[in-house]
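Enquirer: For reference, the structure I am asking about is given below.
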Amino acid sequence: PNFSPYEIASKDNGHVVVHRKAMRGLQKVRDKFGEALAINSAYRTPEHNKNVGGSPKSQHVEGLAFDIALRGGTITETQAMGDRIEELAIAAGFTAIGRYHSFIHIDMRPPKEDGSLYYWDMR
């Protein structure tokens with residue numbers, strides 16, 4: 001209910017591919033967060049993914065990933081928003097978290113064999 005097809009479409013041609021489970025998870029994050037979330041990137045066509053320097057195995061190409069913009073007046077506020085979204089994403093079933101300066105990547109790739117989270121921090 002809080003996301004339009006435009007927000008999750010590939011930026012090159014407007015195609016939308018998203019797994020229902022991932023979309024339901026994103027909506028859970030938004031509901032618990034209680035405020036609008038700005039999606040920087042969701043589905044990417046293979047061509048668009050290549051053009052933006054995405055991994056050849058990017059979960060964006062599979063319709064399983066979202067990059068959520070982090071906003072705040074200070075670094076501390078942005079950090080707090082990222083921490084909260086990370087916590088909510090894990091609770092919603094996302095299996096991978098990537099932290100960046102201005103956004104947080106969440107995706108629902110198949111889980112690791114040991115059940116641990118995929119995590120990387122590029123801040």
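Enquirer: Using helices alone, what [θ] at 222 nm do you get for the chain, with -39,500 (n - 2.57) per DSSP H run of 4 or more residues, divided over all residues and rounded to the nearest 500?
Expert: -10000 deg cm²/dmol
Enquirer: Could you check how much of the accessible area of segment 64-123 is carbon and sulfur, as a whole percent, using a 1.4 Å probe?
Expert: Result for segment 64-123: 57 percent of the exposed heavy-atom area is carbon or sulfur.
Enquirer: Now for a different question. May I ask for the net charge around Y43, where only other residues with Cβ less than 12 Å from the Cβ of Y43 are counted and Lys, Arg are +1 while Asp, Glu are -1?
Expert: With Lys, Arg at +1 and Asp, Glu at -1, the net is -3.
Enquirer: I've got another one for you. Give the lysines reachable from K50 as a straight Cα distance under 26 Å; neighbours fewer than 8 places away on the same chain don't count.
Expert: Leaving aside lysines fewer than 8 places away in the same chain, those within reach of K50 are K11, K21, K112.
Enquirer: What is the dipole size for segment 28-123, taken about its Cα centre, with +1 at each Lys and Arg Cβ and -1 at each Asp and Glu Cβ, in debye to the nearest 20?
Expert: Dipole of segment 28-123, to the nearest 20 debye: 160 debye.
Enquirer: Continuing with this model, one more query. Enter the accessible area per residue of the chain (Å², integer; probe 1.4 Å; all protein chains in place).
Expert: Computed with neighbouring chains in place, this is 57 Å² per residue.
Enquirer: Would you mind pulling out the separation of the Cα centroids of segment 33-64 and segment 1-27, in Å?
Expert: Distance between centres, Cα-based: 10 Å.
Enquirer: What's the extension gain from N51 to V17 if we count 0.36 nm per residue and subtract their Cα-Cα distance?
Expert: 10.4 nm
Enquirer: With label points built 7 Å along Cα→Cβ from the Cα atoms of H101 and N40, find their separation and express it in nm.
Expert: So the label points at H101 and N40 sit 1.0 nm apart.
Enquirer: Turning to a different aspect of this structure: Can you check what the net charge comes to around I8, using other residues whose Cβ is under 15 Å from the Cβ of I8 (Lys, Arg +1; Asp, Glu -1)? Could the numbers behind the result be given before it?
Expert: Values: positive: K11, R20, K21, R24, R30, R44; negative: E7, D12, E62, D67, D107.
In short, +1.
Enquirer: Now a separate question. Local charge sum around K21 (other residues, Cβ-Cβ under 14 Å, Lys/Arg +1, Asp/Glu -1)?
Expert: +2
The values are calculated or read from the model by the stated rules, or taken from the named source; none is laboratory data. The shown structure was predicted, so the numbers you read here are calculated from the model rather than taken from an experiment. Cβ sites come from the backbone with ideal geometry, for glycine too, and all protein chains shown count toward neighbours. Remember, those area values only see protein heavy atoms, side chains included, never the ligands or the DNA or RNA. Shrake-Rupley method; radii C 1.70, N 1.55, O 1.52, S 1.80 Å.
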